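See below for the structure under consideration.
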Amino acid sequence: MFWIKGNNENFDRIAEFEVGTALVPNLHFIRNGTSIAAGPLRVAGLGGTFAPTWFDTPAAKLPHTRRDDKRRHFVREEAEACARLRDVDILMTHEAPRPFILAEEHRRDAGKPAINAVLAAMKPRLHLFGHHHRFLETEREGVRSVCIDRVNRSYLLIDAETLEYEKIDQ
């Protein structure tokens, strides 16, 4: 299993994965702004949420207390590192690209321009994100972009060669 951080995890445990002290067989953490080999595929990650007030803070300087852990956010240096990656097959982000309309009646766009910038620069073959927990297929910056649902409702089976996928409902 290959995974990125979200916004409600145990970030102390994630820090152990980041430095390599949490070794769990078959569980592969993708640090923000990096890519790893997943069989024949190259998979990159940009996990966490966007917070404009923390975006220009270096990742190593994000404060974290028991009550408020800012490590749940991604920052500019991580987004820029991600944008510099090349030959990526799948980009996994927690946040959505713009536009991502939460409710038609309110027309609130929950997408984040930083994700669009990464997609435009990187041009992965497939983009997966999940923060909003509802299945949606779209295209952003010329890249197939899929919001994945909660795993208890559905999941995707992805062909490693073609990157075509099948949605499996639970």
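Every read-out reported here was derived from the displayed coordinates using simple, explicitly stated rules and does not represent laboratory data. If you're wondering where the values come from, they're calculated on a predicted model, not measured in any experiment. Glycine gets a Cβ as well: all are built from the backbone with ideal geometry, and neighbour counts include every protein chain shown.
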Quiz item: Which of the lysines could a cross-linker bridge to Lys61, judged by Cα under 25 Å and excluding same-chain residues fewer than eight apart?
Solution: Lys5, Lys70, Lys112
Quiz item: Sorted by packing (mean other beta-carbon atoms within 10 Å per residue), highest first, where do 86-96, 61-71, 4-14 land?
Solution: 86-96, 4-14, 61-71
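Let me check I've understood the local charge: for Glu166, count other residues with C-beta under 13 angstrom from its C-beta, Lys and Arg +1, Asp and Glu -1. What total comes out? Provide the component values of the computation, followed by the final result.
Working: positive: Lys167; negative: Glu137, Asp159, Glu164, Asp169.
Around Glu166, the surrounding residues sum to -3.
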Practice problem: Provide the percentage of antiparallel DSSP beta bridges, counting only those with both residues in the chain; round to the nearest 5. | Solution: 55 percent
Quiz item: Going toward the positive end of the dipole of the chain, with +1 on Lys and Arg Cβ and -1 on Asp and Glu Cβ, which of Ile101, Pro40, Ile90 do you reach last?
Solution: Ile101
Quiz prompt | Rotationally averaged projected area of the chain (alpha carbon convex hull; nm²) | solution = 10.5 nm²
Exercise. Express in whole angstrom the spacing between the alpha-carbon centres of segment 133-170 and segment 75-108.
Key: 15 Å
Quiz prompt | Student exercise, the chain dipole from Lys, Arg, Asp, Glu Cβ charges, in Debye to nearest 20 | solution = 480 debye
Self-check item: Cβ crowding within 10 Å averaged over residues, with 47-60, 114-127 ranked highest first
Solution: 114-127, 47-60
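What ranking do 73-79, 21-27, 32-38 get when scored by the average of other Cβ atoms within 10 Å per residue, highest first? Mind showing how you got there, number by number?
Working: 73-79: 22.0, 21-27: 8.7, 32-38: 17.6.
Peptide ranking by packing, descending: 73-79, 32-38, 21-27.
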